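Inspection log for the structure reproduced underneath, given as structure tokens.
The values are calculated or read from the model by the stated rules, or taken from the named source; none is laboratory data. Only a predicted model underlies this, so the values are computations on that prediction, with no experimental measurement involved. We place every Cβ from the backbone using ideal geometry, glycine too, and count neighbours over all the protein chains shown.
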Amino acid sequence: MSTNKTLLIIEREYMSRVKKKSFIVMTLLGPVIIALFYGLIIYFSIQGVTGTSNKIAVVNDNKTITERLKSTKNTQYEYVSKPIEDMKKSVKTSGYDYILYIPEFPLDKPEGIQLLGEKQAGLSLSGKVSDHIEEMIRNQKLKESGLKQTDLDNLKSSVDISTKKINETGADEDSSAGASTIIAYVAGILMFMFIMLYGIQVMRGVIEEKTSRIIEVMISSVKPFQLMLGKIVGIALVGLTQFVLWIVLTFAISTAVVKIFVSDKDMKQTTMVQNDGSSVSTPAAAQDNPIGDIQKSMANLNVGKIVVVFLFFFIGGYLFYSALYAAIGSAVDNETETQQFMMPVMMPLFLGYALSLSVVTNDPYGSIAFWLSMIPFTSPIAMMVRLPYGVPDWQLALSMFILVAGFIVTVWVASKIYRVGILMYGKKTNFKEMVKWFTYKN
Amino acid sequence: MLSVRNIVKQYASHRALDEVSLEVPEGKIFGLLGPNGAGKTSLIRIITQITGPDSGEVFFNGQRLNANHIAQIGYLPEERGLYKKMEIGEQVLYLAKLKGLSTPEATKRIKYWFEKLEMQDWWNKKVEDLSKGMQQKVQFVATVLHQPELIILDEPFSGFDPVNADIIKNEILELNKKGATFIFSTHRMESVEELCDHIALIHHSKKILDGSVGDIKSTYRSNTYWVEYEGQYNLNQGDPIFAVLDTQQLGNTTRIKIQLRPGQTANQVLIALLPHVSIQRLDEVIPTMNDIFIDKVKNVN
């Protein structure tokens with residue numbers, strides 16, 4: 001009968017929230033926003049790869065340079081024989097984006113080179129062009145010193161460092177510090193958001209019951225502990241529902257968004273680049289496309305494990321904090337009074353969040369990272385941040401065990417404060433008072 | 001049916017209930033009276049098992065109070081409310097199910113009550129769309145829906161307009177006729193006289209008076225009467241039958257308040273007066289519960 005009542009409470013807490021407009025809007029809008037971001041990131045990184053291409057007219061007045069600037073994907077050089085003054089006049093109508101003027105200068109002292117255009121050339125373009133000119137001059141000098149074109153080609157080599165992690169069996173796994181960091185950030189932020197968002201919902205729910213004065217009616221039917229537990233579990237289910245819907249919807253929408261943002265040609269190009277990226281032999285492609293690299297190592301990260309561990313630490317961390325939030329909610333009459341109690345509860349969460357994203361991502365195996373991922377106040381976030389870099393199983397298990405023990409303690413402590421607090425009206429509460437409540441006999 | 005024995009409840013430095021004992025007879029309306037802060041709510045919270053006593057026991061129908069009795073008690077707290085965002089029907093259904101009713105049974109009873117109190121079209125309304133009086137009707141229905149044997153009402157009429165207060169009063173009497181026992185907690189004495197059969201007076205955490213309303217009133221009778229007459233009668237302080245407490249002249253009518261001397265009756269007064277004056281009225285001055293309440297509280301202080 002008593003579990004039955006708890007179920008009824010869970011059902012109400014769950015249904016009343018899931019049916020709310022704000023929940024539906026957030027559930028639908030969340031993935032759209034995430035997908036938009038994701039789509040934009042992909043869009044811009046592809047734009048970065050293909051780039052906007054600039055047509056540059058080259059006016060070469062330098063007789064010593066016989067080498068020609070080589071066009072690349074983003075910068076196309078065309079040599080024109082008109083004098084520079086004529087080109088300047090016809091810059092609007094000529095169809096060129098920029099004019100590159102190379103005056104007469106000795107090879108070891110290149111001076112007076114100008115990049116002219118209607119718009120001032122951006123930093124990246126001028127950088128690229130000057131790289132190209134440097135390369136051209138170097139080639140010119142090398143040729144003058146007697147090297148042939150084939151020798152020049154042989155001199156060229158691109159370098160890409162691939163970071164690999166050696167697993168327990170001794171085989172090396174593809175991994176990327178970039179990918180791990182991104183996943184660590186995303187997981188850490190999500191964990192922080194979910195614990196905050198839903199923990200505060202528990203507090204609001206308790207305060208709502210107090211201010212609407214239904215609490216005493218409820219308490220004459222059910223035990224305070226059942227009510228608190230029902231609320232916490234009901235809201236946890238709302239959080240899980242939202243999380244699952246977000247994942248499903250995000251995948252669906254981002255697939256669609258990527259299709260809209262990225263044309264077929266671009267898609268082919270990225271898949272091509274990605275395919276190249278997965279084979280070690282073409283480092284140039286990987287260098288051009290960090291996303292391909294990241295996606296490659298994402299495939300190697302154990303996504304299933306990350307999701308399962310995320311769910312565990314979300315539930316654990318949420319239970320740990322929401323019980324404290326419930327106790328705070330029970331001790332005050334309205335939300336404005338929560339400030340003094342919120343601080344000490346929020347601080348460890350913020351601290352965990354800030355330290356996890358700075359210290360832990362920099363040194364995921366260090367002792368600070370270890371302790372942050374053990375202490376239940378910070379472990380949900382810190383452990384999620386550490387996980388993509390690899391965490392020994394015993395540490396994971398220990399951290400989980402401590403978290404479970406931690407939330408059993410906070411739920412127990414909170415329930416003792418809660419059962420007294422919910423029946424107190426119009427009294428300013430402080431910590432001393434709460435300690436006193438804790439010692440009350442039921 | 002409810003027996004409260006030597007209840008003590010201590011809050012840190014403040015003793016809310018000090019050795020309070022009560023007997024609530026079955027099928028009666030029991031008034032729990034006392035000034036604000038006397039300990040009424042603390043006592044009710046113990047009876048409704050919201051809190052436990054530090055010492056003492058409560059028996060419900062001869063059984064020690066336990067969790068199974070929750071379904072047999074209906075409680076309308078003074079600090080009462082409803083979930084603001086929930087629809088009325090859904091909300092009452094939820095509260096009824098928490099008391100152990102099945103969904104179909106609860107739905108049937110809610111429909112019955114909503115029809116009875118003319119609130120059929122409230123089912124899909126939200127609490128925030130209802131007036132305070134309407135909300136109180138909903139709360140009343142939620143309190144009695146599971147047909148509890150014992151219904152505890154804490155300040156039930158505060159905030160009710162006279163029309164709705166009357167409707168609820170009649171429902172209380174009807175339920176009482178059908179056998180429900182009521183505990184009625186209030187500091188407003190006038191509602192007590194109309195409804196209560198028994199009362200207990202709590203003051204400063206202690207019970208200072210209890211018994212049936214009739215008994216209490218008769219012990220507080222002071223043999224005082226109002227007499228109105230026309231004509232002349234020589235009132236002197238040495239009258240062997242009564243002492244005059246107050247005299248008022250209203251046109252030709254004289255109004256006097258008298259107290260009988262020991263051993264005298266109202267008949268003796270009439271015999272003395274009749275030869276001289278024409279009697280228009282003779283009333284015994286019966287103390288109101290309010291008088292008794294104030295008197296008792298003052299004496300204690």
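Any residue that is over 30 Å from B:VAL8 (Cβ atoms), of a type outside the set (A, V, I, L, M, F, W, C) and modelled with pLDDT under 85 - is there at least one of those in the stretch B:244-256? No - not one qualifying residue is present in the stretch B:244-256. The selection criterion, being surrounded by fewer than 18 Cβ atoms within 10 Å (Cβ to Cβ), of a type in the set (A, V, I, L, M) and either in contact (Cβ under 8 Å) with a residue 40 or more places away in the chain or touching a helix residue (DSSP H, G or I) at 6+ places or on another chain (Cβ under 6 Å) (or both), holds for B:LEU130. Only residues that are loosely packed, with under 12 Cβ neighbours inside 10 Å and at pLDDT below 80 were counted in the stretch B:263-297, giving 0.
Hand me the list of helices (runs of 4 or more DSSP H) wholly inside the stretch A:334-409 holding 2 or more residues that are surrounded by fewer than 18 Cβ atoms within 10 Å (Cβ to Cβ) and of a type in the set (A, V, I, L, M).
Details: elements: A:339-355, A:367-372, A:379-386.
Here the list reads A:339-355.
Within the stretch B:16-42, can you find the residues that are within 14 Å of chain A (Cβ to nearest Cβ) and either surrounded by fewer than 21 Cβ atoms within 10 Å (Cβ to Cβ) or among the charged types (D, E, K, R) (or both)? Result: B:ASN36, B:GLY37, B:LYS40.
Each row is one residue, and each column tells you yes or no for (1) of a type in the set (A, V, I, L, M); (2) outside any strand (DSSP E or B); (3) within 16 Å of B:LEU117 (Cβ to Cβ).
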{"site": "B:LYS137", "(1), (2), (3)": "no, yes, yes"}
{"site": "B:VAL141", "(1), (2), (3)": "yes, yes, yes"}
{"site": "B:PHE157", "(1), (2), (3)": "no, yes, yes"}
{"site": "B:ILE172", "(1), (2), (3)": "yes, yes, yes"}
{"site": "B:ASN176", "(1), (2), (3)": "no, yes, no"}
{"site": "B:PHE184", "(1), (2), (3)": "no, no, no"}
{"site": "B:SER191", "(1), (2), (3)": "no, yes, no"}
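Residues in the stretch A:96-129 that are assigned to a loop (DSSP other than H, G, I, E, B) and not charged (D, E, K, R): A:TYR96, A:PRO103, A:PHE105, A:PRO106, A:LEU107, A:PRO110, A:GLY112, A:ILE113, A:GLN120, A:ALA121, A:GLY122. Quick check on my filter: what residues within the stretch A:75-95 are assigned to a loop (DSSP other than H, G, I, E, B) and farther than 25 Å from A:PRO106 by Cα? Selection gives A:SER90, A:VAL91, A:LYS92, A:THR93, A:SER94, A:GLY95. Quick check: is even one residue across the stretch B:96-117 within 12 Å of chain A (Cβ to nearest Cβ), in contact (Cβ under 8 Å) with a residue 12 or more places away in the chain, surrounded by 16 or more Cβ atoms within 10 Å (Cβ to Cβ) and out of contact with any helix residue (DSSP H, G or I) (no Cβ under 6 Å at 6 or more places or on another chain)? Checked the stretch B:96-117: at least one residue is within 12 Å of chain A (Cβ to nearest Cβ), in contact (Cβ under 8 Å) with a residue 12 or more places away in the chain, surrounded by 16 or more Cβ atoms within 10 Å (Cβ to Cβ) and out of contact with any helix residue (DSSP H, G or I) (no Cβ under 6 Å at 6 or more places or on another chain). Counting the residues of the stretch A:188-229 that are farther than 20 Å from A:SER22 by Cβ, assigned to a helix (DSSP H, G or I) and facing another protein chain (nearest Cβ under 10 Å) gives 9. When the stretch B:66-90 is filtered for residues that are buried (at least 22 other Cβ atoms within 10 Å of the Cβ), without any contact (Cβ under 8 Å) to a residue 60 or more places away in the chain and more than 7 Å from chain A (Cβ to nearest Cβ), only B:ILE88 remains.
For the stretch B:206-301, which fully contained helices (runs of 4 or more DSSP H) count at least 3 residues that are of a type in the set (A, V, I, L, M, F, W, C) and out of contact with any Pro (no Cβ under 8 Å at 6 or more places or on another chain)? Walk me through it before giving the result.
Values: elements: B:213-219, B:266-273, B:289-300.
Passing ranges, in order: B:266-273, B:289-300.
For the stretch B:139-162, filtered to residues that are under 19 Å from the mean Cα position of the chain (by Cα) and away from chain A (no Cβ under 14 Å), the residue that is nearest to B:LEU65 (Cα to Cα) is B:GLU149. Could you list, in sequence order, the residues of the stretch A:48-74 that are modelled with pLDDT under 80 and part of a strand (DSSP E or B)? Matches in the stretch A:48-74: A:ASN54 only.
With the condition kept exactly as written, say whether any residue in the stretch B:119-138 is among the small types (Gly, Ala, Ser) and either more than 12 Å from chain A (Cβ to nearest Cβ) or over 27 Å from the mean Cα position of the chain (by Cα) (or both).
Filtering the stretch B:119-138 for residues among the small types (Gly, Ala, Ser) gives B:131, B:133.
Retained after the next criterion (residues that are either more than 12 Å from chain A (Cβ to nearest Cβ) or over 27 Å from the mean Cα position of the chain (by Cα) (or both)): B:131, B:133.
Yes, the stretch B:119-138 contains a residue that is among the small types (Gly, Ala, Ser) and either more than 12 Å from chain A (Cβ to nearest Cβ) or over 27 Å from the mean Cα position of the chain (by Cα) (or both).
The residue that is nearest to B:LYS99 (Cα to Cα), counting only those in the stretch B:43-65 that are within 10 Å of chain A (Cβ to nearest Cβ), of a type outside the set (Val, Ile, Thr) and in contact (Cβ under 8 Å) with a residue 12 or more places away in the chain, is B:GLN49.
Say whether the condition of being aromatic (Phe, Trp, Tyr) and under 26 Å from B:GLY37 (Cα atoms) is met by at least one residue in the stretch B:94-105. Looking through the stretch B:94-105, none of the residues is aromatic (Phe, Trp, Tyr) and under 26 Å from B:GLY37 (Cα atoms).
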